[in-house]
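The values are calculated or read from the model by the stated rules, or taken from the named source; none is laboratory data. What you see is a predicted model, and the numbers here were worked out from it, not measured in a lab. For neighbour counting, all protein chains shown are included, and Cβ atoms are generated from backbone atoms with ideal geometry for every residue, glycine included.
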Amino acid sequence: MQSLALYGLEAIKANNGWAISALGISIVFTGLTLLSLSISQIHKILDFWENRDGFFDRIKAARKNGKKTFPPPSAEFKSLDTTRTAVEYKLLTNRIGVPFSLPRLLKMAKKSGLYKPHLSINELLKAGLIAPDGDGFFYWNE
């Protein structure tokens with residue numbers, strides 16, 4: 001009897017060598033990518049480590065005062081001119097019909113290119129110009 005001895009590319013093919021080598025290459029490539037990303041961001045980790053006392057002090061002060069640590073809202077989110085906004089949105093609701101749904105009004109406002117539709121509708125709701133009818137729809141509170 002003659003023994004089967006495979007060498008070279010035949011041995012690689014017979015023993016799933018191509019799949020194993022592709023897996024090995026992908027593992028090495030992923031490892032090197034993660035290593036390069038971690039090395040490129042190490043300056044941020046070191047900066048945080050050096051200033052960790054200040055970070056923990058801010059957290060303790062916020063918990064003590066009961067305040068959120070978020071920054072204050074910018075001037076961009078101040079109250080809008082609700083009368084002008086109401087006129088613009090009344091024109092849209094005339095096309096939809098009354099009572100109207102807020103998602104449909106929002107969709108039309110986005111298509112029309114109105115300024116910050118979520119914020120505008122929220123301001124109209126807070127001002128009491130738009131009121132719910134109890135069935136999931138809204139109407140204008142004149």
- Query: Here are some residues: LEU23, LEU34. Which one is over 26 Å from the mean Cα position of the chain (by Cα) and either at pLDDT 85 or above or aliphatic (A, V, I, L, M) (or both)?
  - Reply: LEU23
- In the stretch 102-140, anything over 17 Å from ASP81 (Cβ atoms), in a loop (DSSP other than H, G, I, E, B) and over 25 Å from the mean Cα position of the chain (by Cα) is listed as ASP133, GLY134, ASP135, GLY136, PHE137
- Applying the selection to the stretch 80-108, what residues are out of contact with any Ser or Thr (no Cβ under 8 Å at 6 or more places or on another chain) and aliphatic (A, V, I, L, M)? ALA86, VAL87, LEU91, ILE96, VAL98, LEU102, LEU106, MET108
- Query: Which numbered condition trips up LYS68, out of (1) surrounded by 10 or more Cβ atoms within 10 Å (Cβ to Cβ); (2) modelled with pLDDT under 85; (3) out of contact with any Ser or Thr (no Cβ under 9 Å at 6 or more places or on another chain)?
  - Reply: (1)
